[in-house]
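Worksheet for the structure shown next.
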Number of protein chains: 2
Amino acid sequence: MRIGDLARQAGVDVQTVRYYEREGVLEAPARTAAGYRSYGAHDVERLTFVRHCRSLDMSLADIKRLLALAGDATVACDDVNALIDAHLERIHAKRLALEALEVQLGALRAQCSSGRRIANCGILEELVHAAHGEACACHQSLAASEEQG
Amino acid sequence: MRIGDLARQAGVDVQTVRYYEREGVLEAPARTAAGYRSYGAHDVERLTFVRHCRSLDMSLADIKRLLALAGDATVACDDVNALIDAHLERIHAKRLALEALEVQLGALRAQCSSGRRIANCGILEELVHAAHGEACACHQSLAASEEQG
DNA sequence: CGAGACCCTCAAGCTACTATAGGGTCAAGC
DNA sequence: GCTTGACCCTATAGTAGCTTGAGGGTCTCG
């Protein structure tokens, strides 16, 4: 099967497949005489596995680790559990940060009604005013929750 | 005031100030004979305003628009309201997507207990199994909520 | 043998920074 | 006057996960 077929079956772009290969998430396949990549059914499975993990917002680095772990059936799967736990924790922190952000923005939006002029726009006032004081903490925690580690 | 002082007062890195200037978020300041950037109190205010908007996770493009709008006091501030509304909507969608993701991951994590081997790890089973069926929709909506409009 | 669909590699673009390299400037102390 | 250290300058590359584009080769049908 050629790269276009593989990509169609997994629902990804052809370029994405090549990118995954470059990143070591997919193994480099055999090549035809003309240099075309040649895939089998196993590759469809692996790529779809990768896409499912990505749909859960896992990083490619985590997915690589997961694939490495999945390769050895005799190993204890505590590492898999730990990886998922850590990921879950990151998602949780990010959600809390977004919730705080939404509250902040809702409050900000309530400062200005339609029909006003910039000169007395409540939102800009609030933003400038807040700029003189201390910044809100929500984005710091959002940024902290972004760092994959 | 030199760039280091400005950066300290706004709580950002010196490189970030130069980056903002390059991106047109901050105006290019006057230079000393030696080529050093020279700032005034107004620049501290503007930079701190930018940082507050960033703490609300607004894009630099949005902040530029906001600054342009804020420049003309006589204009109606419906555009400001619309910008904040759109941003709020993105944050809201992102939070919903993250909530769904958290549920999905929680369910996945519950599939495997400690002490098992990879061969019968419930998480990997679930991930492979799900890979054969259709993927969950949570990341699609997350991705959709990422695209800044 | 030509057209269109497919494949290849390499490089750049996206966001908002951060970090590094390689160099110039300035003020204080000896 | 000279050194030391803190500061400044530009330019370039790296981060994550792709997407887009250039410039070219291959395959297959009619």
With DSSP loop assignment and no more than 13 other C-beta atoms within 10 Å, the GluC sites (Glu not before Pro) in the range B:1-64 are B:GLU27
Whole-percent carbon and sulfur contribution to the accessible surface of the range A:3-70 (1.4 Å, no ligands, DNA or RNA) stands at 47 percent
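Total Å² of accessible surface buried at the B-A contact, 1.4 Å probe, nearest 100?
Counting protein atoms only, the buried area is about 5300 Å².
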For B:LYS94, the lysines lying under 24 Å Cα to Cα, once residues fewer than eight places off in the same chain are dropped, come out as A:LYS94, B:LYS64
Shape call for the range A:1-101, from the Cα gyration tensor axes a ≥ b ≥ c (a/c under 1.5 means rounded, otherwise prolate when a/b beats b/c, else oblate), comes out oblate
Sorting from shortest, the nanometre distances separating the label point of B:ASP85 (7 Å past Cα along the line to Cβ) from those of the same residue in the other copies are 4.6
Sorted shortest first, the nm distances from the B:ALA110 label point (7 Å along Cα→Cβ) to its counterparts in the other copies are 3.5
Once all protein chains are kept in place, B:ARG37 shows an accessible area at probe 1.4 Å, nearest 10 Å², of 50 Å²
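The values are calculated or read from the model by the stated rules, or taken from the named source; none is laboratory data. A quick note: this is a predicted structure, and the numbers were derived from the prediction, not measured. Note that we place each Cβ from the backbone using ideal geometry, even for glycine, and neighbour counts take in every protein chain shown. Just so you know, the surface numbers come from the protein's heavy atoms only, side chains and all, with ligands and any DNA or RNA stripped out. Shrake-Rupley method; radii C 1.70, N 1.55, O 1.52, S 1.80 Å.
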